[in-house]
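**Student:** The structure under discussion is supplied below as structure tokens; questions concerning it will follow.
A short reminder: the numbers here are calculations on the coordinates, not readings from a lab. Model, not experiment: these values are computed from the prediction. Here Cβ is always computed from backbone atoms with ideal geometry, including for glycine, and neighbour counts include all displayed protein chains.
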Amino acid sequence: MALLEIRNLSVDFTTASGAFRAVDAVDVSVDKGEVLAIVGESGSGKSVSMLALMGLLPWTATITADVMEFEGRDLRALTPKARRKIVGKDIAMIFQEPMSSLNPCFTVGFQIKEALRLHMNMDRATRHKRAIELMDMVGIPAPESRLNTFPHQMSGGMNQRVMIAMSIACNPKLLIADEPTTALDVTIQAQILDLLTGLQRDTGMGLILITHDMGVVAENAERVSVQYAGQKVEDQPVYDLFARPHHPYTAALLAALPERATSKLLPTIPGVVPGQFDRPKGCLFSPRCAYADDRCRSTPPIPCGSELGLARCHYPLNATEEVKA
Amino acid sequence: MLKYLASRLLTFVPTFIGVTLISFAFIRMLPGDPITVMAGERGVSPERYQELMVQLGFDQPVYVQYFEYLKGIVQGDLGMSFVTKKPVWDEFFALFPATLELSLCAMIFAVGLGLPAGVIAAVNRGKFFDRALMSTALVGYSMPIFWWALLLIIVVSGWLGLTPVSGRISLMFYFPDTTGFMLIDSLLSGQKGAFSSALSHLILPTIVLGTIPLAVIARQTRSAMLEVLSEDYIRTARAKGLSPYGINGIHALRNALIPVITVIGLSVGTLLAGAILTETIFSWPGIGKWMVDSIFRRDYPVVQGGLLLIAVMVMIVNLTVDMLYGFINPKIRKR
């Protein structure tokens, strides 16, 4: 049994100009101890699908799914109160902007201890000890004195460490990291990622890493799910994905990596992710795809089999002759 | 912190001088003078008028009178009332507890109802409660105080007979004013029914005086909460699995309090201004009524001194509010 199993998840937002589908029929599954990376451009619905899982979307969002199970428990059937017992304890999430994700009015110690008080039933002294231990674990120097500092008195990197300490406080079984390094310096980025993967190895929790950085994916993930315009377009183990991408979008993303560039000019994907009003009729990637033909432009493709990385494409790349036939 | 306090106190000096200047000038701009008013319909002979002018110091040039007045203030002397011949200072402190009691009750009424109402409205944005509350608040804010007071008196006191019409306590009770606060004194007196009588006299003036601050606080709380609720750290709080109370009442409200506290501080000024009208309507023996009476009597020292003391009161409240900012939001704490 998978730790997390989501099938056919869709999220619609009611906006002043009509409904907008931000996530479209996405499947996500994570096993115990697995590191899954979700990649895609801005606006591809990576964060929204995870926020939907956490129940953190505003009321304008309508969430539908065939299956949404965590450890075999149907999350959709739970009362808000029962769901709050899981969210924050067994499933934890860290966000993109550490500076604005911590409450400026409370000390970091209070904010870490709050999670412990809520879920762990610890007394005051134990909470204090555990908070120091957690801050030590995430590599904050002099944790005892740092407990009483406010978020604005620390750097972005330190704040992200606090966020991580807060999220792992209750020994979660699944940690969702939503672009945890985007707002940080390059040197700090590597440290934070090392910390996250290290913690993942030590505790054996599942980790979902949302990112748009292929380098981060290559170094940290075991399996990769590529999303485009709200749809999952490909899902493969990391090694296979880099070796044989099946969806033209994945191939284009990989080709755009500076490390892989062969010519002097870096290859790019022309155009932008379709928005609310310019959604194509057929394949969503067809306006930007180098291989698209009339069939792509008129008929939306359905995902291929797992031997082709579930690629949502009429003409998957790198298909061996047998599969093609 | 102390340095900050000292620098803030220093800015009081120009404000203080400004207030003396304005109150001194304004009361003299009103037509008529104290002597004519005191003489009443009988009138006064020109010789006696001159004599009184010299006696009260009005024969001096205005700037000399002003500096005499300032000299007195620096020495802590606000002058004597022309009418009662008692020091302004004594009269003020005899009447001030009544105003303070009423203002405090109005403030508790406004904050106690306005803060939760604003929070609930923000959380239920766009729903029935929100719309109902915000339109009610707008009505409350735009309603003239005197009209609202008369309306309440007619309905609650007149038709329903639930509360007394005026005064601080029923005439059946008499006890020494130990603290000047009727609620406390009536309890201390131990007389049966005294406390409930004092309380019932307070209800209507409190509602009337507290209505405008209540509306302002509710609206301000709502808009501040709405802004805070879309912040990233609220998402973090929800991701922790906090209850709605923990999210809205602790994480969000603490951040939303800054603009609300500012409004509360400013409302104190409005409250004291509103007290003048409210006290007159309900015959509440406080400084508001005292000031109005003194203006009609052209009792210069009382008007000047009263205005000055009220201004100082407002300045102190706003300084306190500024100091509170740092406690609520550590980001703007001074060192």
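**Student:** Can you list, largest first and rounded to whole Å, the semi-axes you get for segment B:95-271 by taking the square root of 5 times each eigenvalue of its Cα gyration tensor?
**Tutor:** Here the semi-axes work out to 37, 19, 14 Å.
**Student:** Which shape class applies to segment B:214-283: rounded if a/c is under 1.5, otherwise prolate when a/b exceeds b/c and oblate if not, where a ≥ b ≥ c are the square roots of the Cα gyration tensor eigenvalues?
**Tutor:** Because a/c hits 1.5 or more and a/b exceeds b/c, segment B:214-283 counts as prolate.
**Student:** Continuing with the same structure: In the structure displayed, which of A:46/A:113; A:232/B:240; B:127/B:240; A:81/A:129; A:113/B:240; B:86/B:289 lie more than 21 Å apart, Cα to Cα?
**Tutor:** A:46/A:113; A:232/B:240; B:127/B:240; A:81/A:129
**Student:** Could you tell me what fraction of 2.2 N^0.38 Å the Cα radius of gyration of segment B:38-146 comes to, as a two-decimal ratio?
**Tutor:** Ratio of Rg to 2.2 N^0.38 Å for segment B:38-146: 1.92.
**Student:** Let me ask another. Towards the positive end of the charge dipole of chain B, with charges on Cβ (+1 Lys, Arg; -1 Asp, Glu), say which of B:106, B:64, B:285 has the farthest Cα.
**Tutor:** Value computed over the given set: B:106.
**Student:** A further question follows. Pull up all non-local amide H partners of residue A:230: gap of 5 or more, or a different chain, and H-to-H distance under 5 Å with H placed in the peptide plane.
**Tutor:** HN-HN under 5 Å from residue A:230: A:45.
**Student:** A follow-up question, please. With an 8 Å cut-off on Cα pairs and a minimum separation of 6 or more residues, tell me the relative contact order of segment A:46-169 in percent.
**Tutor:** Relative contact order comes out at 28 percent.
**Student:** Right, something else. Kindly point out which whole DSSP H helices in chain B project their C-alpha atoms 24 angstrom or further along the helix axis while averaging a Kyte-Doolittle hydropathy of 1.0 or above.
**Tutor:** Span-like helices, by this rule, are B:12-29, B:88-123, B:194-229, B:253-281, B:300-328.
**Student:** Under unit Cβ charges (Lys, Arg +1; Asp, Glu -1), what dipole magnitude, rounded to 20 debye, does chain A have relative to its Cα centre?
**Tutor:** Charge dipole of chain A: 880 debye, to the nearest 20.
**Student:** Give me P(r) over segment A:1-40, computed from all C-alpha to C-alpha distances, binned every 10 Å, as integer percentages.
**Tutor:** Computed distribution, short to long bins: 25, 40, 25, 9, 1.
**Student:** Let me ask something else about it. Taking a cut-off of 16 Å between Cα atoms, list the aspartates and glutamates near residue B:85, but don't count ones fewer than 8 places away on the same chain.
**Tutor:** B:77, B:293, B:299
**Student:** Let me have the 222 nm mean residue ellipticity of chain B computed from DSSP H runs of 4+ only, each contributing -39500 (n - 2.57), with the sum over all residues rounded to the nearest 500.
**Tutor:** Mean residue ellipticity at 222 nm (helix-derived): -23500 deg cm²/dmol.
**Student:** If you filter segment A:248-319 for chymotrypsin sites (Phe, Trp or Tyr not before Pro), then keep DSSP loop positions with at most 10 other Cβ within 10 Å, what is left?
**Tutor:** In loop regions of segment A:248-319 (DSSP not H, G, I, E or B), the sparsely surrounded chymotrypsin sites (Phe, Trp or Tyr not before Pro) are A:277.
**Student:** Assign unit charges at the C-beta atoms only (+1 for Lys and Arg, -1 for Asp and Glu), then state the dipole size of segment B:95-271 relative to its Cα centre in Debye, rounded to the nearest 20.
**Tutor:** 560 debye
**Student:** Tell me, what is the percent relative contact order of chain B, built from C-alpha pairs under 8 Å that lie six or more residues apart?
**Tutor:** The value is 28 percent.
**Student:** Could you work out the relative contact order of chain A, using alpha carbon pairs under 8 angstrom and six or more residues apart, expressed as a whole percent?
**Tutor:** Rounded, it is 20 percent for chain A.
**Student:** Another question about this same structure. Ranked highest first by average number of other Cβ atoms within 10 Å, how do A:233-243, A:173-183 line up?
**Tutor:** Answer by packing, highest mean first, reads A:173-183, A:233-243.
**Student:** Cα atoms only, chain A: Rg and Dmax in Å?
**Tutor:** Taking only Cα atoms of chain A, I get Rg and Dmax of 20.8, 68 Å.
**Student:** On to the next question. Residue A:23's amide H: which non-local residues (gap 5+, or another chain) put their own amide H closer than 5 Å, with H modeled 1.01 Å from N in plane and none for Pro or chain starts?
**Tutor:** Amide H to amide H, under 5 Å and 5 or more residues apart or across chains, residue A:23 pairs with A:11.
**Student:** Have a look at the protein assembly as shown and give its Rg and Dmax from the Cα atoms, expressed in angstrom.
**Tutor:** Just the Cα atoms of the protein assembly as shown yield Rg and Dmax of 35.3, 127 Å.
**Student:** OK, next. Which residues' amide hydrogens lie under 5 Å from the amide hydrogen of residue B:242, considering only partners 5 or more residues apart or on another chain, with H built in the peptide plane?
**Tutor:** Residues meeting the criterion, in which the H sits 1.01 Å from N, do not exist here.
**Student:** While we're looking at this one, here's another question. Give me the dipole magnitude in Debye, nearest 20, for chain B about the Cα centre, with unit charges on the beta carbon: positive for Lys and Arg, negative for Asp and Glu.
**Tutor:** 1520 debye
**Student:** Step through the residues of segment A:176-188 one at a time and calculate ³J(HN,Hα) from phi using the Karplus curve (6.51 cos²θ - 1.76 cosθ + 1.60, θ = phi - 60°), rounding each to whole Hz and writing x for Gly and Pro.
**Tutor:** With the stated coefficients, segment A:176-188 comes to 10, 10, 8, 6, x, 10, 4, 8, 10, 4, 4, 5, 6 Hz.
**Student:** Explain nothing, just compute: Karplus ³J(HN,Hα) = 6.51 cos²θ - 1.76 cosθ + 1.60, θ = phi - 60°, for every residue of segment A:277-284 in order, whole Hz, x for Gly and Pro.
**Tutor:** Result, rounded to whole Hz: 9, 10, 6, x, 6, x, 5, 5.
**Student:** Enumerate the calculated ³J(HN,Hα) couplings along segment A:256-264 in order (Karplus 6.51 cos²θ - 1.76 cosθ + 1.60, θ = phi - 60°), each rounded to whole Hz, writing x wherever the residue is Gly or Pro.
**Tutor:** Running phi through 6.51 cos²θ - 1.76 cosθ + 1.60 with θ = phi - 60° gives 7, 6, x, 5, 9, 5, 9, 8, 5 Hz.
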